[in-house]
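Below is one structure, written out as structure tokens, with a few remarks after it.
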Amino acid sequence: MAEEMKMRATLQGDVTDVKVLMNHVMETGLRKDPKTEKFIPAHFIDHVVATLNGKTVLDAQWGIAVAKNPFINFRIKGAKAGDKIAISAADNLGTQYSGETIVAAK
Amino acid sequence: MPAKKSHLVLPVFLLGTLIVLSACATRPEPGKTKMAPLELEKPAFASPWVRYKGWPSEMWSDYSTVAAVVPSIPAEPIKIEGPITGDPKKGEKLAYDRSRGGSCIACHIMGKPVPPLPGNAGPDLSDYASWGRSDEFILNYIYDHRKIKPDSIMQPWGAHKLFSVDEIKDIVAFLKTQKSPAEFKDNLENPKTRPIPVETRDNFDPFLNEAMAAVDKGKELFGKEGASKKSCASCHTNPEQTFRTWAASMPRHESRLNKVIGVEEFVTRHARATTGDDYLLQSGGNLALSIYLRYLSNGQPINVDTTSAEHKQAIKRGTELLGRKIGQLHMACVDCHTTERGANKWVRGQWLGEFRGQIDHFPTFRTSRSEIWDITKRFQWCNVSVRANELQPGAPGYGDLELTITALNNGMKLSVPGIRH
Amino acid sequence: MDKLRRLYLKSAGAAGVLLAAAGAGLLKPGEVFAAAWNKLAFSSNNVNDAMKNANYGGAVESKDIILKVPDIAENGAIVPVEATSNIPGTTSMAFFVEKNQYPLVADFELPSGTEPYISTRIKMSQTSNVRVAVRAGGKTYMQSKEVKVTIGGCGG
């Protein structure tokens, strides 16, 4: 689990800047394997939810065109240093991914 | 012979152990120690060498490589009677065909409308019909320019079998339709006004540069015990201090191997001789350790030795290699990376940089490949791109090239891992 | 339980089932995905259909949306995109690439307290306009900008 997600949440004034880097192939299903000439099956994260102390702060649906090893950066208000930000994600094959980090003052 | 060799195993093993112990006891500083223990017998790469998965699999054995010269004789001009009657439509298609060595658009402006993001490493041919060239001249210049203009960076398209004579006749017919200067949709399309790409990304931002994870992995491997129950850290107890400048002094000539080796091969052979780990060249572990060791030298000016007799000879060989035409495309490093030739111009949408500026960030994360490449893999890709068979990692020619190009980067500050397209 | 949850997610009327599951203690509240994946929008081939199916139909262009994308992307595999909406009451933001086979890239619901800002990295199959659409106060807005995707010189 440790390597699935890299997260950082930094409090700057009253806004917390959250960066998330996930480890995922984000295979589009549109690429052919050069050897077999067959399409490589789609495999991509399609849902991402972020929570602050359990409350949803971001709820995203993704398609195949989010880049490999997805990166998102978003900003939330109302968080304090020490608060917990968690990410839950799931891909189209049903695999779930999660990560969490603690808000740090800059 | 094999039987005899097996008798040697034990003493060699003991000797190796002694070297490890004594090396540790004196706590050598790399660069200052005359003889760091190295394993010297086995190949440092996965042998036999097989080209990377996903790369073009074609072999170009009829053409020169960094290791061997295959003579390529300039073709005698082809005589033709009367004007060429090719098919300009077919010629246009051939000129744009990226599967035949990059297409004419890689280096020339041509076509109505001009295809997206043309290059300008060669002349603008959008009004070539008005240049007053004979059909025979155009045909021969494309077929093999070398008897006409030997120092051109053009490829001998016909003589090197990329296009047939009939196909070149179609391209000639297409060129004869090029009658008016190109018009561009915007300043980005025109290579003359397209802004020069400036790398402004913070390569040490782990959310931007995935290769930063390799620094952590390298640090972890540095402390990991190998088969000998020793880790790198067993001897190098203060790596931040010990390796503050070491990587900036690499590559260097290694007399026991009689070739120039970089950080990567040093890691493979030194680990085999000390911790017992086998970090083959191009493996993830080798890249991680090599990146970590360079990371420790970040900010230091690159400072490879250019004065020793071995290095002078290696740089002489490397300089010859920089100028060697290789592959079916018959191109030399200097064709793209010196300002007298292609550097600071565009091949299609890619900017060709000079040698200076090409080393400080390697190994580097390549966003287009989503992979970390060391300088060897970069050399190999350049080779394959000009349709020359690549050499195996650790090949002496690559060592000479790495030293020669690194010497041209002396004084630039190390900034590893980099991030590039 | 994971498989069960996926089944709920993929089924129609998932919300009610999810609520029931959450109530039964099967799911932690934070793990509940609000809605089933919008297959219709993500599989639309035309950008306007994709926008309509993602509930951004009829979006009007607004200078209050700041879209930051490169003029030229060194490769289409990883193109940085960043958008900020200065429209009050922004509740969601979605990215589209007009010339991708499936133009809808990602749709972000931004609950109150979350800034109307997203930065991410996307794939582009070719030079195209990138659009960001925003929903605010029940209305939809958009902004777009062309990104040229570099063609490599060396070819095959």
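Quick notes
- Just so you know, in the stretch C:33-73 the residues that are in contact with a Lys or Arg (Cβ under 8 Å, 6 or more places away or on another chain) and within 28 Å of C:G153 (Cβ to Cβ) include one that is surrounded by the fewest Cβ atoms within 10 Å (Cβ to Cβ), and it is C:D71.
- For the stretch B:93-144, taking the residues that are among the hydroxyl-bearing types (S, T, Y) and in a helix (DSSP H, G or I), the one that is nearest to the chain's Cα centre (by Cα) is identified as B:S99.
Each row is one residue, and each column tells you yes or no for (1) of a type in the set (D, E); (2) touching a strand residue (DSSP E or B) at 6+ places or on another chain (Cβ under 9 Å); (3) surrounded by 14 or more Cβ atoms within 10 Å (Cβ to Cβ).
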site: B:P197; (1), (2), (3): no, yes, yes
site: B:F204; (1), (2), (3): no, no, yes
site: B:E210; (1), (2), (3): yes, yes, yes
site: B:V215; (1), (2), (3): no, no, yes
site: B:F222; (1), (2), (3): no, no, yes
site: B:S228; (1), (2), (3): no, no, yes
site: B:S231; (1), (2), (3): no, no, yes
site: B:H236; (1), (2), (3): no, no, yes
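- Looking across the stretch A:48-103, the residues that are within 7 Å of chain C (Cβ to nearest Cβ), surrounded by fewer than 17 Cβ atoms within 10 Å (Cβ to Cβ) and not basic (K, R) come down to A:G54, A:G78, A:G94, A:Q96.
- Residue in the stretch B:400-413 that is under 24 Å from B:M212 (Cα atoms), without any contact (Cβ under 8 Å) to a residue 60 or more places away in the chain and outside any loop (DSSP other than H, G, I, E, B) present: no
- The stretch B:305-394 holds helices (runs of 4 or more DSSP H) entirely within its bounds, and those carrying 1 or more residues that are under 12 Å from the mean Cα position of the chain (by Cα) and among the aromatic types (F, W, Y) map to B:375-385.
- Scan of the stretch B:221-243 for residues that are among the polar types (S, T, N, Q) and assigned to a helix (DSSP H, G or I), ordered by number: B:S234, B:Q241, B:T242
Matching residues to (1) over 11 Å from the mean Cα position of the chain (by Cα); (2) modelled with pLDDT of 95 or more; (3) closer than 12 Å to A:V66 by Cα; (4) within 14 Å of chain B (Cβ to nearest Cβ):
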| residue | (1), (2), (3), (4) |
| --- | --- |
| C:E74 | yes, no, no, yes |
| C:P80 | yes, yes, yes, yes |
| C:A83 | yes, yes, no, no |
| C:G89 | yes, yes, no, no |
| C:S92 | no, yes, no, no |
| C:E98 | yes, yes, no, no |
| C:V105 | no, yes, yes, no |
| C:S119 | yes, yes, yes, yes |
| C:V130 | yes, yes, no, no |
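- Within the stretch B:270-326, the residues that satisfy the criterion of being farther than 21 Å from B:G397 by Cα and polar (S, T, N, Q) are B:T274, B:T275, B:S297, B:N298, B:Q300.
The values are calculated or read from the model by the stated rules, or taken from the named source; none is laboratory data. Please read these numbers as outputs of a predicted model, since none were measured by experiment. Reconstructed Cβ throughout: ideal geometry from the backbone, glycine too, with neighbour counts over all protein chains shown.
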